[in-house]
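**Q** Take a look at this one; I'll ask things after.
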Amino acid sequence: MASTKIYDYIERIAELQRADSRRCTAEFGLQPVQLEVLHYLSICNQFSDTAKALTEYLGQTKGSVSQTLKVLENKGYLCKVADLSDGRITHLQVTESARQLLQKAIPSPLFNVACKGLTEQKNIQIESSLKELLEALLGSNNMKTFGVCSSCRYNTHKGGSEYYCELLNTPLQHSAEQLICIEHQLPT
Ligand code: SF4
């Protein structure tokens, strides 16, 4: 069955990736999940940089996410910033030293070497197939997509270079276009 073969490949890739990630994060005195948290926070938009969104993205418990955040804060890799208009919301921001670390650790060395060995066309082809598989997986399980504004049903073009989010009632910043969002939904 095709799905079993795909599952076997994904599982093997994930194992190799986990081992490489463990090696790489140990160098920086971090656990793989701590790197994952920093990575998420470095690629999400301002509506998604909260402990709640992070918990949903990782599929972990509130308690374990909160422990991870504490460690990262103590190591100086992230800071908490209160929302300017709603004091109940706390944003989690990665620090400059976390960004430098992420540049070295993501993608992991093994992954980088492997992708560089493939042609650009092959890379594009694999990316597109994996995207399709991820969307199918999320869709069939009714899970949040965590996609970017350009592929979201709530993104409306207002003319020129202006875009507006119909869900959150706010203009969209060009600089945030490629950041992932907890409210993202694919067009129907
Ligand atoms: S357009 Fe979609 S992805 Fe972008 S901010 Fe709005 S809900 Fe999030």
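**Q** Of all residues being over 22 Å from the mean Cα position of the chain (by Cα) and assigned to a loop (DSSP other than H, G, I, E, B) in region 147-188, which is surrounded by the fewest Cβ atoms within 10 Å (Cβ to Cβ)? Just the residue, please.
**A** T188
**Q** Within the group A98, A82, A105, which residue is surrounded by fewer than 16 Cβ atoms within 10 Å (Cβ to Cβ) and more than 16 Å from the ligand (Cβ to nearest atom)?
**A** Sole residue among the options that is surrounded by fewer than 16 Cβ atoms within 10 Å (Cβ to Cβ) and more than 16 Å from the ligand (Cβ to nearest atom): A82.
**Q** Here's another thing I want to ask about it. Within region 1-49, which residues are surrounded by fewer than 19 Cβ atoms within 10 Å (Cβ to Cβ) and either in a loop (DSSP other than H, G, I, E, B) or hydroxyl-bearing (S, T, Y) (or both)?
**A** Answer for region 1-49, where residues must be surrounded by fewer than 19 Cβ atoms within 10 Å (Cβ to Cβ) and either in a loop (DSSP other than H, G, I, E, B) or hydroxyl-bearing (S, T, Y) (or both): M1, S3, T4, Y7, Y9, F28, G29, Q31, S42, Q46.
**Q** So which residues in region 114-146 are within 23 Å of I43 (Cα to Cα), free of Cβ contacts under 8 Å to residues at least 24 places away in the same chain and assigned to a loop (DSSP other than H, G, I, E, B), if there are any at all?
**A** Correct list: N142, M143.
**Q** Okay, next question. Could you check N112 against (1) surrounded by 12 or more Cβ atoms within 10 Å (Cβ to Cβ); (2) under 27 Å from T55 (Cβ atoms); (3) more than 15 Å from the ligand (Cβ to nearest atom); (4) at pLDDT below 90 and say which number it fails?
**A** Every listed condition holds for N112 apart from (2).
The values are calculated or read from the model by the stated rules, or taken from the named source; none is laboratory data. Please read all numbers here as calculations on a predicted model, not as lab measurements. Heads up, the Cβs are rebuilt from the backbone with ideal geometry, glycines too, and the neighbour counts pull from every protein chain shown.
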